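Heads up, the thing below is written out as structure tokens.
FYI, it's all coordinate maths here, none of it is from the lab. Please read all numbers here as calculations on a predicted model, not as lab measurements. Backbone-built Cβ (ideal geometry, glycine too); neighbour counts: all protein chains shown.
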Amino acid sequence: MGSKYIADLIETSSGAHYSGFHLNGLDPRNSGIEQPTTSATGKLGKQPFVIGVAGGAASGKTTVCDMIIEQLHDQRVVLVNQDSFYHNLCEEEIKQVHDYNFDHPDAFDTEQLLHCMEKLMYGQAVDIPKYDFRSYKYNTSPTRRVNPSDVILLEGILVFHDPRVREMMNMKIFVDTDADVRLARRIRRDTVEKGRDIGQILDQYSKFVKPAFDDFILPTKKYADIIIPRGGDNHVAVDLIVQHIRTKLGQHDLCKIYPNLYVIQSTFQIRGMHTLVRDAQTTKHDFVFYADRLIRLVVEHGLGHLPFTEKQVITPTDSVYTGVDFCKRLCGVSVIRSGESMENALRACCKGIKIGKILIHREGDNGQQLIYEKLPLDISDRHVLLLDPILGTGNSAVQAISLLIRKGVPESNIIFLNLISAPQGVHMVCKSFPRIKIVTSEIDTALNEDYRVVPGMGEFGDRYFGTDDDDLQFVTPSIEQ
């Protein structure tokens, strides 16, 4: 996927939760869900990551789930099918089963589904019965034992219909497949697997399946965070989803350990910007542009952690509005030199803010030698936003934070802002200073043997300020006589 392609989709995308991209061409779609205006921790506690997969019958939902499970082979993943939770039919309903609509929301025992999901969410194993479509009842023996897992895939045509079920989901996927393709798959499946007559299949489709899709299933598409056209045939979409799940699982593990770590709510818009700034082929101009956008998001989320007081104002309609007034005793401190890239975003959010500087030698002594510092004289009375886009080993961050504390800044008054963090750096800073707050946009995999963050984005300062350009020309100025 080219940088220009992603750039185009970002420019036209909404800021909604997960942004709701159509992942065949990543066409943006407004999901109608507001982007949070304050920091979102994304913390799940001990609960699993729940993914709902909805779509019409024979749209490819199970195939998508199987592909996700296959790629997440190193995670504990379980699949829960809504089809296991049909109501038992009474004798009268069985006699007229050809007139029974299995695609209607009332056909499902949603209370039983909720009960099973709640147990899984609380770390308890559940026994899910198998629904027998010959007797149209649960088979109480044998049941399928489902154990608590890191990831739960909840699949079914109407898993988005009940708001109580939707609220359990961390990600909602709608598999969008052409009606003719779904019908062809249904005919092939029902004739081969169930031995049904084609005429019977078409009669059921026109009488129940298509109307139910139009009336109940298709309307739930608006709740989806991600829409996958072509179902299991869309490998690019599934790959992107798996990458996103892996990122969120890694971030949540650290957020469980450190309550002072805040990872801003990820969206595919943010992932798109990360894709651009991490791409080695991205031009300096584009790198700076999208890095600035990411920095602005991190700064605004960081400001959301400042203390505030209630304030009332009179609006232009002579009405009273009760809002908040944020702390004004704050300053920024940038770690030279990559941290200076974050100063403009901070100034844009906080007019006239004081900004101090810290220079730490990063080579030869494991990043622990303080070279230079210039800080506001009254910094001990301020909340401090510490600016450094990359948290790698954590050595420089520890040195900078230690200096601020020696200057009298309470540990709890420091908010460390960065774009990406390595787990090693998070461990070091959070263990050393459990009362500071770290706000980041993404947690990367690890550090390599050269202590660089991977996958990372390279030497941030060089890329941002253009000093990695081999074509730079140096001109010796002439001296006028």
Q | Rg in Å to one decimal, and Dmax rounded to a whole Å, for segment 248-335 via C-alpha atoms | A | 18.1, 54
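I'd like to compare 91-101, 340-350: which one has the highest average count of other Cβ atoms within 10 Å, and what's the full order after that? Before the final figure, lay out the partial values.
Numbers: 91-101: 10.9, 340-350: 18.8.
Highest to lowest by the protection proxy: 340-350, 91-101.
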**Q.** Theoretical ellipticity at 222 nm over the chain - DSSP helices of four or more residues, -39500 (n - 2.57) apiece, nearest 500
**A.** -9500 deg cm²/dmol
Q: Please report the relative contact order for the chain, taking Cα pairs under 8 Å with a sequence separation of at least 6, and give it as a percent rounded to a whole number.
A: 16 percent
Q) Tell me, what does the Kirkwood hydrodynamic radius of the chain come to in angstroms if you use every pair of distinct C-alpha atoms? A) 25.4 Å
Q: Let me know the charge dipole size of the chain about its Cα centre in debye, to the nearest 20, where only the beta-carbon of Lys, Arg (+1) and Asp, Glu (-1) is charged.
A: 1000 debye
Q. Separation between the Asp239 and Thr467 pseudo-spin-labels, each 7 Å from Cα along Cα→Cβ, expressed in nm?
A. 3.6 nm
Q: Place a +1 charge on the Cβ of each Lys and Arg in segment 41-244 and a -1 charge on the Cβ of each Asp and Glu, then give the dipole magnitude about the Cα centre in debye, rounded to the nearest 20.
A: 340 debye
Q.
Could you sort the peptides 448-456, 298-306, 231-239 by per-residue average Cβ neighbour count (10 Å cutoff), highest mean leading?
A. 298-306, 231-239, 448-456
**Q.** Those residues of segment 199-225 whose amide nitrogen sits under 18 Å from the label point placed on His104, 7 Å along Cα→Cβ
**A.** 203-219
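How far, in nm, would the chain grow between Leu218 and Gln112 when pulled straight, counting 0.36 nm per residue and subtracting the alpha carbon separation? All intermediate terms of the calculation are to be shown ahead of the outcome.
Working: separation 106, 0.36 × 106 = 38.16 nm, distance 2.37 nm.
Additional length available on full extension: 35.8 nm.
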Q: Quick one: compute the contact order of segment 41-244, relative version, from alpha carbon pairs under 8 angstrom and 6+ residues apart, as a percent.
A: 36 percent
**Q.** Estimated dipole of segment 280-375 in Debye, rounded to 20 [Cβ of Lys and Arg +1, of Asp and Glu -1, Cα centre]
**A.** 240 debye
Q. Scanning the chain for helices, which whole DSSP H stretches are 30 Å or more long along the axis (Cα) and average -0.5 or more by Kyte-Doolittle?
A. 235-257
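Checking the a/c ratio against 1.5 first, then a/b against b/c, what shape does the Cα gyration tensor give for segment 322-434?
Values: a/c = 1.59, a/b = 1.53, b/c = 1.04.
It comes out prolate by the Cα gyration axes.
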Q) So for segment 264-465, Kirkwood radius off the Cα pairs, Stokes-Einstein at 25 °C and 0.890 mPa s: how many µm² s⁻¹? A) 139 µm²/s
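Return the inverse of the average 1/r over all pairs of distinct C-alpha atoms in segment 46-156, which is the Kirkwood hydrodynamic radius, in Å to one decimal.
It is 15.1 Å.
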(Q) If I stretch the segment between Leu377 and His285 completely, what's the gain in nm (0.36 nm per residue apart, minus their alpha carbon distance), one decimal? (A) 29.5 nm
Q. If you plug each phi of segment 437-444 into the Karplus form 6.51 cos²θ - 1.76 cosθ + 1.60 with θ = phi - 60°, what whole-Hz ³J(HN,Hα) values come out, in order, with x for Gly and Pro?
A. 10, 10, 10, 9, 9, 6, 9, 7
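Taking N as the number of residues in segment 41-244, what value does Rg over Cα atoms divided by 2.2 N^0.38 Å take? Write out the running numbers ahead of the final one.
Details: Rg = 16.9 Å, N = 204, 2.2 N^0.38 = 16.6 Å.
Cα Rg divided by the expected 2.2 N^0.38 Å: 1.02.
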**Q.** Which listed pairs, of Lys61/Lys222; Lys95/Lys194; Lys95/Lys210; Lys248/Lys354; Lys284/Lys437; Lys137/Lys194, have C-alpha distances above 28 Å, in listed order
**A.** Lys248/Lys354; Lys284/Lys437
